[in-house]
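Visitor: Handing you a structure now.
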Amino acid sequence: MIYLDQNVNDYDNDFRTMIQAFIPREKIILTEEDTRLTFRARLSEEQVVLSLWENGKQIDEERAVCYYPDKKTARNPIKAAAYYLLSRYCGKTLPWGSMTGVRPTKFATARLEQGWTEEAVIREYEDLYLTTRQKGEICYRVAKREQELLQPFRFKEEYCLYVGIPFCLSRCLYCSFTAYPVAQYQDRVEDYLQALFHEMEYVAKKYSNKRLVAVYIGGGTPTSLSAEQLGRVIDHIYAVFDTRYITEFTVEAGRPDSLSREKFLAMKERPVTRISINPQTMNDKTLRFIGRAHTAQMTVDAFHLARECGMDNINMDMIVGLPQEDIQDIRYTLDVIRELNPESLTVHSLAIKRAAELNIQMQQYQDSIKGSTNEMLTLADQYASGLGMVPYYLYRQKNIPGNLENVGYAKPGKECLYNVLIMEEKMDIIAVGAGTSTKLTFPDENRIERVENVKNVEEYIRRVDEMIGRKEAGLQEKQL
Ligand code: SF4
C-alpha cells in the first residue's frame with residue numbers, strides 16, 4: 001500500500017497515474033496506515049514540493065516552481081516532478097515519460113497544424129513529456145499519416161457504422177469483449193440477427209441525409225456466424241443503407257478456427273474490402289495457454305485460403321506481453337507474419353481488463369513477463385517498416401503493463417480508415433448490436449457523447465426498442 005498524502009487534491013489523478021505507472025498493482029490509499037511508502041504532495045501558490053517517505057523518514061524530494069491553480073501551465077511541471085521523484089526511487093525510466101492519457105499523438109497533431117517541424121515536435125515530446133526519442137518519432141509519424149488520411153473527409157456530413165456480433169467460438173483468457181460461445185447460443189443467433197436488423201433500419205432512416213463512408217463488422221468474432229448468416233448481415237446493410245459512398249468495408253475475421261472457404265467467398269462475393277485474421281502469436285504453446293483453440297498453422301492456412309479466395313487487404317493482429325513470451329517468441333511470430341506479407345499489422349500491448357479471466361491470475365502473470373515489452377514493440381516497428389508499412393494510428397489503454405501502446409501499421413493505401421476516424425472523434429460512429437457504443441460528435445462544442453447498448457445478448461434481443469430509444473434521445477440534440 002502507498003499512502004498518497006496531499007494538502008490539495010487538484011492533481012490527485014495525475015499523482016495516482018504516475019505512481020501506478022512506476023509501481024503497478026500497489027494499492028493507493030488516502031489515510032495513513034501501516035504503509036511502506038508515502039508520497040507527499042504539498043502545493044502552495046509559489047511552488048509544489050513532492051517527497052517520498054519510508055518508515056517516517058523523508059528519503060527524497062523534488063520541487064516544481066509553478067502556480068498550481070493554473071492547470072494549463074502547472075500540470076506538466078508537476079507531472080515531471082512526480083516522474084523524476086518516482087524514477088529515482090524505482091531506478092527506472094518510462095518510455096512514455098510523464099505522459100498519461102490514451103491519445104499521445106494529439107500533441108503532435110496540434111503542433112503539425114501549427115506548422116512545427118518534425119524535429120521541433122519530437123524535441124517537445126522529449127523535453128516536455130520526458131518520453132524517449134522513439135516515442136516522439138512514432139507520434140510524429142502517426143500524426144503526419146493521420147493528417148493525410150483524414151484530409152478527404154467532411155466530418156459533419158459523413159458517418160461510420162459499427163456492427164457488433166457478440167459471439168465467438170470459445171473464450172480467450174485475456175478477453176474482455178462481449179463474446180458468447182456461439183455453439184451454446186445457436187438457437188438465439190437468429191433472434192439476435194432480427195433485433196440487429198431492426199436497429200440497423202432505424203439508423204439507416206435516421207441518417208438518411210448523411211453519407212455512410214465506412215462499415216466495420218466486429219465482435220466477438222463475426223465469422224463465428226455461418227457463411228449464410230454473415231452473408232445476410234452484409235446484405236441487410238446493403239438493403240437498408242445508402243451505400244454509394246462507402247469507401248471501406250471491414251470484417252473482423254479474427255480467429256482462424258472460425259474461417260472457411262465458404263465464409264471467405266461469402267465476403268468476397270459481397271463488397272467487403274478488408275478483413276483481419278489475427279494470430280496474436282505464432283507460438284502454439286502460448287496459444288494453448290491463453291485459450292485460443294487454434295494452432296499457428298491454422299492461421300497460416302487461413303491466410304493462404306483468404307488469398308486464394310481473392311482477399312487483397314488483410315490485416316493481422318498480434319499481442320506483445322503475452323504470458324511467458326520473450327523477445328525471441330515475438331521475433332518468431334514476426335518472422336512468420338513477414339513470410340505471409342499482410343497489408344497491415346496491428347500490434348497490441350496486452351491489456352488486462354477487469355472482465356478478463358487473466359485478471360484473476362494477475363500475480364502469476366506478472367511473474368511470467370519475460371523481458372521488456374517496449375523492446376518487443378520496437379522490434380515489431382522494425383519488422384513493419386521492413387514490410388513497407390507506416391504507423392497510422394496509435395492509442396494507449398489503461399491496464400497495459402508499463403503504460404505501453406497499441407499501434408496500427410499499414411502499407412500506404414491499405415489503412416483502416418475506420419480505425420483513424422474512431423480515434424479522432426470528429427465523425428459520428430453509429431454502433432448497432434449488443435455491447436456496442438455509439439459516439440456522437442459535437443465539433444462546435446468540442447465534445448462527444450456516448451450512447452451504450454446493453455451487453456447481454458438476451459437483454460439486447462428483448463430491449464432492442466429501448467436501445468433505439470437511447471439513440472433517439474442522444475440524437476435529438478444533433479437535430480438530424
Ligand atoms: S477471439 Fe477475441 S472475441 Fe473471441 S474470445 Fe478471443 S479475444 Fe474474445
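The values are calculated or read from the model by the stated rules, or taken from the named source; none is laboratory data. Because the structure is a prediction, the values reported are computed rather than measured. Every residue, glycine as well, gets a Cβ built from its backbone with ideal geometry; the counts of neighbours run over all protein chains shown.
Visitor: Restricting attention to segment 247-275, which residues are among the aliphatic types (A, V, I, L, M) and more than 15 Å from the ligand (Cβ to nearest atom)?
Guide: Selection gives L265, A266, M267, V272.
Visitor: Would you be able to say whether some residue in segment 241-257 is surrounded by fewer than 16 Cβ atoms within 10 Å (Cβ to Cβ), assigned to a helix (DSSP H, G or I) and charged (D, E, K, R)?
Guide: no
So that you can scan it fast, the table gives a plain yes or no per residue for (1) more than 19 Å from K370 (Cβ to Cβ); (2) touching a residue at least 24 places away in the same chain (Cβ under 8 Å); (3) not assigned by TED's automatic domain parsing to the domain that holds E375:
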{"residue": "E269", "(1), (2), (3)": "yes, yes, no"}
{"residue": "R307", "(1), (2), (3)": "yes, no, no"}
{"residue": "D312", "(1), (2), (3)": "yes, yes, no"}
{"residue": "E325", "(1), (2), (3)": "no, yes, no"}
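Visitor: Does any residue in segment 172-183 that is without any contact (Cβ under 8 Å) to a residue 40 or more places away in the chain come within less than 8 Å, Cβ to Cβ, of a residue that is near the ligand (Cβ under 8 Å from one of its atoms) six or more places away or on a different chain, and which pairs are these?
Guide: Correct list of pairs: P181/C168; P181/L169; P181/S170; P181/R171; A183/L169.
Visitor: Now for a separate question. Would you check which residues across segment 306-326 are in contact with a helix residue (DSSP H, G or I) (Cβ under 6 Å, 6 or more places away or on another chain) and part of a helix (DSSP H, G or I) and list them?
Guide: Across segment 306-326, the qualifying residue is only A306.
Visitor: Pick from segment 220-246 the residues that are within 16 Å of the ligand (Cβ to nearest atom) and touching a helix residue (DSSP H, G or I) at 6+ places or on another chain (Cβ under 9 Å): which of them is nearest to R270 (Cα to Cα)?
Guide: For segment 220-246, the residue satisfying everything is L230.
Visitor: How do the pairs read when you match residues in segment 385-397 that are closer than 16 Å to Q134 by Cβ with residues anywhere that are of a type in the set (F, W, Y), using Cβ under 7 Å and keeping only pairs 6 or more apart or on different chains?
Guide: Every condition considered, the pairs that remain are V390/Y409; P391/Y409.
Visitor: Any idea which of (1) under 18 Å from the mean Cα position of the chain (by Cα); (2) among the aliphatic types (A, V, I, L, M); (3) closer than 21 Å to I275 by Cα; (4) in a helix (DSSP H, G or I) is the one A143 doesn't satisfy?
Guide: (3)
Visitor: Kindly indicate whether G220 is touching a Cys at 6+ places or on another chain (Cβ under 9 Å) and of a type outside the set (D, E, K, R).
Guide: Criteria met by G220.
Visitor: If you go through segment 216-230, how many residues are in contact with a Leu (Cβ under 9 Å, 6 or more places away or on another chain) and either assigned to a helix (DSSP H, G or I) or closer than 13 Å to C160 by Cα (or both)?
Guide: Going through segment 216-230 one residue at a time, the tally reaches 7.
Visitor: Moving to a separate point now. If the requirement is being surrounded by fewer than 13 Cβ atoms within 10 Å (Cβ to Cβ) and of a type in the set (D, E, K, R), which of these qualifies: E62, E26, E54, E33?
Guide: It is E33.
Visitor: Residue by residue through segment 232-263, note down the ones that are under 12 Å from V163 (Cβ atoms) and polar (S, T, N, Q).
Guide: Result: T250, single match.
Visitor: When segment 195-219 is examined, which residues are found to be among the hydroxyl-bearing types (S, T, Y), within 16 Å of the ligand (Cβ to nearest atom) and within 20 Å of I461 (Cα to Cα)? Steps first, answer last, please.
Guide: First, the residues of segment 195-219 that are among the hydroxyl-bearing types (S, T, Y): 202, 207-208, 216.
With the extra rule that they be within 16 Å of the ligand (Cβ to nearest atom), the set shrinks to 216.
Across segment 195-219, there are no qualifying residues.
Visitor: Ok, one more. Write out, first by first residue and then by second, each pair whose Cβ atoms fall under 8 Å of each other, whose residues are 6+ apart or on separate chains, and whose first residue, in segment 463-480, is within 22 Å of N209 (Cα to Cα) while the second is assigned to a loop (DSSP other than H, G, I, E, B).
Guide: Pairs that qualify, where the first residue is within 22 Å of N209 (Cα to Cα) and the partner is assigned to a loop (DSSP other than H, G, I, E, B), are M467/N453; M467/V454; R470/N453; L480/Y207; L480/N209; L480/K210.
Visitor: I would also like to ask the following. Take Y162 and tell me if it is at pLDDT 95 or above, assigned to a strand (DSSP E or B) and within 26 Å of V213 (Cα to Cα).
Guide: Numbers: at pLDDT 95 or above: yes; assigned to a strand (DSSP E or B): yes; within 26 Å of V213 (Cα to Cα): yes.
The answer is yes for Y162.
Visitor: Among the residues of segment 359-393, count how many are out of contact with any strand residue (DSSP E or B) (no Cβ under 9 Å at 6 or more places or on another chain), modelled with pLDDT of 65 or more and among the small types (G, A, S).
Guide: Matching residues across segment 359-393 total 4.
Visitor: Here's a follow-up. Scan segment 330-339 and give yes if some residue there is under 27 Å from L225 (Cβ atoms) and away from the ligand (no atom under 15 Å from the Cβ), otherwise no.
Guide: Taking segment 330-339 as the starting set, the residues that turn out to be under 27 Å from L225 (Cβ atoms) are 337.
Now drop any that are not away from the ligand (no atom under 15 Å from the Cβ), which leaves 337.
Yes, there is a match, as at least one residue in segment 330-339 is under 27 Å from L225 (Cβ atoms) and away from the ligand (no atom under 15 Å from the Cβ).
Visitor: OK, next. Quick one: count up the residues across segment 178-194 that are within 15 Å of the ligand (Cβ to nearest atom) and under 18 Å from M467 (Cβ atoms). Give the derivation first.
Guide: The first filter runs over segment 178-194 and keeps only residues within 15 Å of the ligand (Cβ to nearest atom), leaving 178-185.
Those still in the list that are under 18 Å from M467 (Cβ atoms) too: 178, 180.
The number of residues fulfilling the criteria is 2.
Visitor: Can you give me the number of residues within segment 63-102 that are within 34 Å of the chain's Cα centre (by Cα) and not in a loop (DSSP other than H, G, I, E, B)?
Guide: The total comes to 21.
Visitor: Identify the single condition in (1) within 16 Å of the ligand (Cβ to nearest atom); (2) surrounded by fewer than 18 Cβ atoms within 10 Å (Cβ to Cβ) that G164 does not satisfy, given that it satisfies every other one.
Guide: For G164, the exception is condition (2).
Visitor: Could you tell me whether any residue of segment 207-215 is buried (at least 16 other Cβ atoms within 10 Å of the Cβ), out of contact with any Cys (no Cβ under 6 Å at 6 or more places or on another chain) and assigned to a helix (DSSP H, G or I)?
Guide: So far as segment 207-215 goes, no, none of its residues is buried (at least 16 other Cβ atoms within 10 Å of the Cβ), out of contact with any Cys (no Cβ under 6 Å at 6 or more places or on another chain) and assigned to a helix (DSSP H, G or I).
Conditions tested, residue by residue: (1) touching a Pro at 6+ places or on another chain (Cβ under 6 Å); (2) within 30 Å of R145 (Cα to Cα); (3) in contact (Cβ under 8 Å) with a residue 12 or more places away in the chain.
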site: E33; (1), (2), (3): no, no, yes
site: R40; (1), (2), (3): no, no, yes
site: Q47; (1), (2), (3): no, no, yes
site: S51; (1), (2), (3): no, no, yes
site: R75; (1), (2), (3): no, yes, yes
site: W96; (1), (2), (3): no, yes, yes
site: G101; (1), (2), (3): no, yes, yes
site: A110; (1), (2), (3): no, yes, no
